[in-house]
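J.: Here's a structure for you.
The values are calculated or read from the model by the stated rules, or taken from the named source; none is laboratory data. Note that the structure is a prediction, hence the values are computed from the model and not measured. Cβ placement follows ideal geometry from the backbone for every residue including glycine, while neighbour counts extend to all protein chains displayed.
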């Protein structure tokens, strides 16, 4: 396995859940971090804490990946020392609502499509401007088991994750001659703030999603992402599905009473 010491790792959605866990895991490996997230004050606190704890360099900026011009600007103002991006973790993403398609909210649809697909594309396009000339780099996209099977009322969220799967496969083909790795990490149930966001802060409803089984943690998924990032130069994990032991896929799981 290769070392990540002094490598530059960019993580979106870095203030919570899997993104926050990734920031900690990569910092422990002595990688230098570029952290993007919407909550700038929290991002500042996290960056200072990781910088002091692991003695690494961190560049951070408040960013909503849905805003194309803001994404372009964030990359345009990167200091030269931060432009050699070795690993991009496209973690920013969300689900909104769990409604059947006839009762769905177009505002929720737009937010999921704009974040999970368009935001991923905006960030990747800018990062590739630095990776392609160097002919090296690794793009790790946050997929989901929802990109493999559709579940009831998952409609648009599932569509976005099927889209992430398709984009990951397309990136891999398009970037073969650029020596750039592309990986999709597709988790099942993960106990982060994902369900609370989906249900607009209803924590009790969010808890029911994981009732009767032990879900993955953000750290569990970050460990998988880290493993993918550390594979030797000639090895690329294209797609990896990770679920709790009690979950087979997006539809089938076993819950204790």
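J.: Those residues that are surrounded by fewer than 19 Cβ atoms within 10 Å (Cβ to Cβ) and either within 17 Å of the chain's Cα centre (by Cα) or within 15 Å of residue 83 (Cα to Cα) (or both), I need them from region 93-116; list them, please.
T.: Those that are surrounded by fewer than 19 Cβ atoms within 10 Å (Cβ to Cβ) and either within 17 Å of the chain's Cα centre (by Cα) or within 15 Å of residue 83 (Cα to Cα) (or both): 94, 111, 113, 114.
J.: Also, quick follow-up: Give the residues of region 25-34 that are farther than 19 Å from residue 139 by Cβ and crowded, with 21+ Cβ neighbours inside 10 Å, sorted by residue number.
T.: If the condition is that a residue be farther than 19 Å from residue 139 by Cβ and crowded, with 21+ Cβ neighbours inside 10 Å, then 27 is the only one that fits.
J.: Name the one entry in 44, 53 that is assigned to a helix (DSSP H, G or I), within 20 Å of residue 222 (Cβ to Cβ) and either at pLDDT 95 or above or touching a helix residue (DSSP H, G or I) at 6+ places or on another chain (Cβ under 7 Å) (or both).
T.: None of the others qualify; the one that does is 53.
J.: Something else now. For region 35-45, state whether one or more residues are within 23 Å of residue 188 (Cβ to Cβ), surrounded by 19 or more Cβ atoms within 10 Å (Cβ to Cβ) and in contact (Cβ under 8 Å) with a residue 12 or more places away in the chain.
T.: no
J.: Can you pull out every residue in region 177-197 that is assigned to a helix (DSSP H, G or I), touching a residue at least 40 places away in the same chain (Cβ under 8 Å) and surrounded by fewer than 20 Cβ atoms within 10 Å (Cβ to Cβ)?
T.: 178, 197
J.: Check 226, 208, 213 and return the single one that is surrounded by fewer than 21 Cβ atoms within 10 Å (Cβ to Cβ) and over 28 Å from residue 104 (Cα atoms).
T.: Selected residue: 213, the only one of 226, 208, 213 that is surrounded by fewer than 21 Cβ atoms within 10 Å (Cβ to Cβ) and over 28 Å from residue 104 (Cα atoms).
J.: Step by step: first the residues of region 198-226, then only those that are assigned to a helix (DSSP H, G or I) and in contact (Cβ under 8 Å) with a residue 40 or more places away in the chain, then the one that is nearest to residue 16 (Cα to Cα). Which residue is that?
T.: Top of the filtered list is 218.
J.: Which helices (runs of 4 or more DSSP H) does region 57-156 wholly contain that include 2 or more residues that are within 23 Å of residue 25 (Cβ to Cβ), in contact with a helix residue (DSSP H, G or I) (Cβ under 9 Å, 6 or more places away or on another chain) and in contact (Cβ under 8 Å) with a residue 12 or more places away in the chain?
T.: 120-134
J.: When residues of region 227-255 are filtered for being assigned to a loop (DSSP other than H, G, I, E, B) and in contact with a strand residue (DSSP E or B) (Cβ under 9 Å, 6 or more places away or on another chain), how many remain?
T.: The qualifying residues number 11.
J.: Still on this model: Within region 4-16, identify whether any single residue is modelled with pLDDT under 95, crowded, with 17+ Cβ neighbours inside 10 Å and within 20 Å of residue 185 (Cα to Cα), and answer yes or no.
T.: The answer is yes; a qualifying residue exists.
J.: Would you be able to say whether some residue in region 77-84 is within 28 Å of residue 191 (Cα to Cα) and under 22 Å from the mean Cα position of the chain (by Cα)?
T.: No, every residue in region 77-84 fails to be within 28 Å of residue 191 (Cα to Cα) and under 22 Å from the mean Cα position of the chain (by Cα).
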